Structures are given as structure tokens and as C-alpha cells.
Amino acid sequence: MPLTVQEMSDRFEIQDLIVGYCYAVDTRDWDALDHNFTPDAIIDYSEMVGVSGSLAEIKQFLAESLTPILAFQHAVSTTQYRIEGDRAQTKTACYNPMTVSNGETTDTLVFGLWYIHDFVRTDEGWKISRLYEQKCYRMNVPDWLAAQLPPA
């Protein structure tokens, strides 16, 4: 069945939020996340790094925990959409290579994960109300970092 103009617009707005989240993290622009999420959003990284919390808590966590990450790049693709009125949910594949250093060694590792987002349409347009990161795989994680993460 063909998409309506509204359905296409909704998908583009939602995709912009997913990509905007990735660019905000990759550039360490934590305040940019305020534009993507509802004020009461929950961000759940428990499967990937063992942390879940409010937007303010996650912004602080990211600012503090990403220090050993020299570079990272979130590449997203293959998004599935379920839009029902003013609510939506997506599942998106994310490929996330990172260069990390503990001061002694530098390694490049890769996380593969699924972003599961819940969205709500607001007066300002679509916003993310919940983000859940579902673990898929990880490769080349150095022992010093693996010790800080939930089991593989």
C-alpha cells in the first residue's frame, strides 16, 4: 500500500531524530540531545553499558564515560517504522566503530546494536520519548574495557 504524504513526512522527521542523536553523540554535543528528546525521556543503555536514566542523567554519563573514546561513528540503517497516530516506534541497525585508549594501548573496536526508539508527536514535532539499545555483537573489545561492560 502506498504511503501518504503525511506518512512520508513522519518517517523523514523520525529519521532526522535518529540521525540527530547519532551526530550529537559523535560530536560530543550533549546539549543538542535536548532537541531530540522529550524532557521526560528514558534512555536505556543497560544491555550495552549497564546504565539507564533520564536525559539529564545520560548526558552526564556520556560526558564522563566517553573520555577514553578517541573517536566514534554511529552509522544507522535499515529502520523499521510502526506509526500509529501520534505515537511511533522504530527499530534501527547501528554499526559503531570506536577508537579507544587506556593511556597505554590504542585499539579499534566495533559494537553492533539495535536502536529501539519510541516517539511522540508534540507541538514541536516528533520527539524521542524512549531509547533502548539492544546488543547484537561486539568485536575486538580490549580486556580493560570489556571488564567495565555487561557480559558479552
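Sequence-distant or interchain residues sharing an amide H contact under 5 Å with N36, placed H: which?
none
What angle do you read, to the nearest 10 degrees and between 0 and 90, between the alpha-carbon axis of helix 55-65 and the longest principal axis of the chain?
Between helix and principal axis, roughly 30 degrees.
I want to verify the translational diffusion coefficient of the chain in µm²/s; compute it with Stokes-Einstein, Rh as the Kirkwood radius over Cα pairs, at 37 °C and 0.692 mPa s.
Values: Rh = 16.2 Å.
For these conditions, the coefficient is 202 µm²/s.
If you average the sequence gap of Cα pairs under 8 Å that are 6 or more apart and divide by the length of the chain, what percent do you get for the contact order? Walk me through the numbers before you get to the answer.
On the way: 264 pairs, mean separation 34.5, N = 152.
The normalised contact order for the chain reaches 23 percent.
If you find the alpha carbon centre of region 87-152 and of region 1-75, how far apart are they in angstrom?
10
Of the DSSP beta bridges with both residues in region 5-143, give the percent that are antiparallel, rounding to the nearest 5.
Approximately 90 percent, going by the DSSP bridge assignments.
Calculate how steeply helix 5-26 sits against the longest principal axis of the alpha-carbon atoms of the chain, using the helix alpha-carbon long axis, and give the answer as 0 to 90 degrees to the nearest 10.
20
In percent, what relative contact order does region 54-119 have, based on Cα pairs under 8 Å that are 6 or more apart in sequence?
29 percent.
Straight-line reach only, C-alpha to C-alpha below 19 angstrom: list the lysines that K59 could link to, leaving out same-chain residues fewer than 8 apart.
K59 reaches K127.
Once every DSSP H run of n ≥ 4 in the chain is given -39500 (n - 2.57) and the sum is divided by its residues, what mean residue ellipticity at 222 nm do you get, rounded to the nearest 500 deg cm²/dmol?
-8000 deg cm²/dmol
Every number here is computed from the coordinates shown, using simple stated rules; none is lab data. Note that this is a predicted model, so its numbers are computed, not measured.
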